[in-house]
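Notes follow once the structure below has been shown.
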Amino acid sequence: MEFNPILIVPELYQLLLIVALFCQSLGDGSETPPAERWLPYFAGFGIFVNIPAWGAQGLLFGGAYQVDALSQFFKLAIAAGFYVCVLNAARQPSLEERKRPDYFMFLAISAWGLMLLSSAVELITIYIALEISSYSLYAIIPLRNMNGKGHQGAAEAGIKYILFGAVATAIALYGFSYILASQHTSYIAQLAKANWTWAGQPMAVVGLSLFMGGMFFKLALFPFHFWCPDVYQGASNETAGFAATLPKLGAVVVLIRLATLLKPGLEITTLLAVLGALSMTFGNLCALAQKDIKRMLGFSSVAHAGYIMVGLVSGTAMGLAAAAFYAMAYVAMNLLCFWVISRVASDGRNLQLDDLNGLYKRAPGLAFALGVGAFALVGLPPTMGFMGKFFLITSAWDHGYNWLVITLVLNSAIAIFYYLSLVRHAYTHEEGENAPTPDNSAFSVCGAGILAAVVLLFGMVPSGLFDYAILAGKQLLP
């Protein structure tokens, strides 16, 4: 088809931001305004840049790049998430001034890679986009300066993320070679017509399982989760907020596309269901024992990765839509929690549960927003988390994996204890010694209020978002 630049306006705009940040990083910063002053405005405008291409459809670059409802759904979520992460990092206390342009440039590159991942429908294109988004995070996770010195935990987190990422990449490429050798194509549209049973194509089944391992690493699905709690704990609060949210969108959109190859009852589908059950159970049980809030959210993300598998194994358009909706809900809920963490820990420290004691007196607005985020992560109405789990459960029931749905419900009950401990410490405990001084500025409270409103609004009125997700699912599984 004839090339139409309107189809890739979001990617082009994000690339322009990267070029601008690169040019700024070359100088000493004396002749240009700080990146944290101008970038939030342009990142916010990037959300509206998605509008011209919202309903666009088309295949580009030899059929390796597809613009459809699913890709535009996720690109909008990535643009919105990038905007919130930029705002959150604008007041980052643990980042040196001279490193800020580079830091924001790497954030923008990672978001750009995730946008490319949203439209990639060919396995090598998926791999390249995945690496673009990952390499940037390798660079920024160790960037944490406390009291004029580097942070040992951040360096350790960076090393672990690189090493686990290298292993996951090798596994994915090894799986790709098996797929290419057995199915003779790397295009998802052609792979959807192929045989994916163990009896018919055992090499292809092994290859697809290994290739999905690269996505499981980004999603922090058991057993590819080991990096997650350590990286969240070691990275700065603002960096952890980015790493905990946007990369999950990239992994989910690829898994949704790959899920179109599968049907309930296939060996790979059953493997996904088993890994999902193990992930949600392991993540929730480990989170129960945590006192460090970011580490708790790290194990929480392992559990939520398991929840998303419920939608992927259903084999229906509604299941894929439920997985997409829950991924967006997960991002909104975690951005809210990390926003509150970053504003409460105004000195850049890692918050412990006891640091939240008496928060309702010190920062009532932040305490309320934290409560909304905690209730949403549990899955209580009227939040996005409740509607997301409702859609997952209804889409997967009576499709051969009822035991997985029951596992989700039981794990949601387990999660109540550690999520609501955040609220318990904030509202029922008195402030202790050495408690951090929260940021009670209008910027802080308004940001938390808007994110809380989004989580509540789409929990009460989810139809517009979910209907579009169903449209995207029907385009993949007509």
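The values are calculated or read from the model by the stated rules, or taken from the named source; none is laboratory data. Everything numeric here is computed off the predicted structure, so don't read it as measured data. Quick reminder, even Gly has a Cβ in these numbers, built from the backbone with ideal geometry, and neighbours come from all protein chains shown. Accessible surface areas use protein heavy atoms only, side chains included; no ligands, DNA or RNA. Shrake-Rupley method; radii C 1.70, N 1.55, O 1.52, S 1.80 Å.
Rounded to the nearest 10 Å², what accessible area does VAL445 have for a 1.4 Å probe in the complete protein model?
Solvent-accessible area, nearest 10 Å²: 50 Å².
Hey, can you find the accessible area per residue of the chain for me, probe 1.4 Å, expressed in square angstrom?
On the way: 17440 Å² over 478 residues.
Per residue, the chain has an accessible area of 36 Å².
How much length is gained on full extension from GLU96 to PHE417, taking 0.36 nm per residue of separation minus their Cα-Cα distance?
On the way: separation 321, 0.36 × 321 = 115.56 nm, distance 3.77 nm.
Taking 0.36 nm per residue and subtracting the Cα distance, the gain is 111.8 nm.
Please give the helix 267-287 orientation as an angle from the longest Cα principal axis of the chain, in degrees from 0 to 90, rounded to the nearest 10.
10 degrees
Please report the relative contact order for the chain, taking Cα pairs under 8 Å with a sequence separation of at least 6, and give it as a percent rounded to a whole number.
Details: 845 pairs, mean separation 68.5, N = 478.
Averaging sequence separation for qualifying contacts and normalising by length gives 14 percent for the chain.
Just how far, in whole angstrom, is segment 406-466 from segment 248-292 if you go by their alpha carbon centroids?
24 Å
Give the angle, between 0 and 90 degrees and rounded to the nearest 10, that separates the Cα long axis of helix 69-89 from the longest principal axis of the Cα atoms of the chain.
Helix 69-89 sits roughly 20 degrees off the main axis of the chain.
Report the relative contact order of segment 270-478, percent, no decimals, based on alpha-carbon pairs under 8 angstrom and at least 6 residues apart.
On the way: 337 pairs, mean separation 65.3, N = 209.
For segment 270-478, the relative contact order is 31 percent.
Within the accessible area of segment 270-478, what % is carbon and sulfur when the probe is 1.4 Å and the other protein chains stay in place? Before the final figure, lay out each step's value.
Details: 5110 of 7220 Å².
Carbon and sulfur together cover 71 percent of it.
Near ARG257, within a Cβ-to-Cβ distance under 13 Å, what is the net charge of the other residues, with Lys and Arg +1 and Asp and Glu -1?
On the way: positive: none; negative: ASP68, GLU122.
Once positives and negatives cancel, what remains is -2.
If exposed means no more than 15 neighbouring beta carbons inside 10 Å and the site is in a DSSP loop, what's the longest run of the chain without any exposed GluC sites (Glu not before Pro)? List each step's numbers first, then the result.
On the way: sites that count: GLU2, GLU31, GLU96, GLU430, GLU431, GLU433.
My reading of the result: 97-429 is the longest stretch.
In nm, what is the difference between 0.36 nm times the number of residues separating ILE406 and PHE22 and their Cα-Cα distance?
Details: separation 384, 0.36 × 384 = 138.24 nm, distance 4.94 nm.
That works out to 133.3 nm of additional length.
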